[in-house]
């Protein structure tokens, strides 16, 4: 089968949305299909977004037997056999609209009209799809709430999960993801200052802008935590990630209302490491259950500090939760076999 994988991207910014496309490409080719990745650059600017969306409608993929669309606004591409594996909306105009620091524009008549037009256009394009998959129950609920569209949850796996393993459990909790305000690495720093054990913290990942990493460095200096925190600001290679997860005590992932469980949680599970997250982490809670395969804390420094101390002090608990983390993946059927069966049905 000739399959086109269509997604959008912000130039020079890497993230999990690129992985899902590239990894699916590899698995489809391995299964004997012809595959083309079509990446469409997009900037979520009020002044140019609709012009970009019109351009998406003119993309001709008639040579493909099937088109699979991912990141917005790729779903505007036209094809008689269009399938969506929908990752998220342009969140500033959907679920983040009521949070001013994430909205990025005034809540005035002009932008409310823009938002309404975007919702209507999205809904029309989404309804063209032969089938709609989402990457989490959270996204399925958002599609139902904002667009009136039902979908099937299809959890994305990681490529070659067997490369992750557990060598030991040292004194370090690692957080490997983009270093951005909504990923809330600052909560981990604030929590570490309140711990009573010598647990350590490692923060790794790239950032779209230097402001937030600089804020984190200032917090580390202010709280005199330089000897207990390692901050690696920059893109982490897959090989480096495997090594860090093999050695760490546990993994932390504290996004605010995440679209899905997030690759950091999934990778930690394959490495048999307990996951520390928060009660407001969104899709992460579809994977992590408190006391079973990780700890779910209130998103407050004192509560997170208690959880970090518990992981450090009770190594047997950390180990047993890590083993359960890997078992949990089978329970919710996270596999490429399942993904290919559903996308190609």
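Roughly speaking, what is the stretch gain from residue 323 to residue 31, that is 0.36 nm per residue apart minus the C-alpha to C-alpha distance, in nm to one decimal? Spell out each step's value before the answer.
Working: separation 292, 0.36 × 292 = 105.12 nm, distance 3.05 nm.
Between residue 323 and residue 31, full extension yields an extra 102.1 nm.
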Gaussian network model of the chain, Cα within-10 Å springs - most flexible of 252, 64, 271: 64
Set of the stretch 73-117 residues, backbone N closer than 20 Å to the point 7 Å along the Cα-Cβ line of residue 59: 73-92
Fewest-first ranking of 58, 85, 23, 235, using other Cβ atoms within 10 Å as the exposure measure: 58, 235, 23, 85
Spin-label model distance (nm) - residue 243 vs residue 1, 7 Å beyond Cα toward Cβ: 4.0
Length-normalised contact order for the stretch 2-154 - Cα pairs under 8 Å, 6+ apart - percent: 21
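What's the extension gain from residue 280 to residue 12 if we count 0.36 nm per residue and subtract their Cα-Cα distance?
Details: separation 268, 0.36 × 268 = 96.48 nm, distance 2.93 nm.
So the chain would gain 93.5 nm between residue 280 and residue 12.
Let a ≥ b ≥ c be the square roots of the eigenvalues of the Cα gyration tensor of the stretch 2-154; is it rounded (a/c under 1.5), or, if not, prolate (a/b larger than b/c) or oblate? Could you put the intermediate results ahead of the total?
Values: a/c = 1.73, a/b = 1.64, b/c = 1.05.
Prolate shape, in that a/c is at least 1.5 and a/b is the bigger ratio.
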FRET E, pair residue 22, residue 81, Förster distance 25 Å, beta-carbon r, rounded to 0.05: 0.70
Pairwise label distance in nanometres, residue 97 with residue 141, each label 7 Å out on the Cα-Cβ vector: 1.8
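Determine the gain in length on full extension of the stretch residue 127-residue 290; use 0.36 nm per residue of separation and subtract their C-alpha separation, reporting nm with one decimal.
Working: separation 163, 0.36 × 163 = 58.68 nm, distance 3.71 nm.
This chain segment gains 55.0 nm when fully extended.
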Candidates 277, 289, 48, ranked by Gaussian network fluctuation over the chain, Cα under 10 Å, top entry: 48
Spin-label model distance (nm) - residue 214 vs residue 171, 7 Å beyond Cα toward Cβ: 3.2
Length-normalised contact order for the chain - Cα pairs under 8 Å, 6+ apart - percent: 14
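Determine, for 183, 110, 273, the number of other Cβ atoms within 10 Å of each Cβ, and report the residues in order from fewest to most.
Lowest count first: 110, 183, 273.
When a/c is below 1.5 the answer is rounded, else prolate if a/b is larger than b/c, else oblate, so apply that to the stretch 134-275 with a ≥ b ≥ c taken from the square roots of the Cα gyration tensor eigenvalues. Working shown, then result.
On the way: a/c = 2.14, a/b = 1.42, b/c = 1.51.
Oblate, because a/c is 1.5 or more while a/b does not exceed b/c.
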Sorted by Cβ density within 10 Å, fewest first, the residues 50, 86: 50, 86
Overall form of the stretch 256-295 per C-alpha gyration tensor (a/c, 1.5; a/b vs b/c): oblate
Max mean-square fluctuation residue, GNM over the chain, Cα-Cα springs under 10 Å, options 274, 63, 246: 63
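Computed from the coordinates by the stated procedures, all read-outs in this text should not be read as laboratory data. It should be emphasised that the depicted structure is a prediction, and the values quoted were computed from it without experimental measurement. Counting neighbours? That spans all protein chains shown, and the Cβs are built from the backbone with ideal geometry, glycine included.
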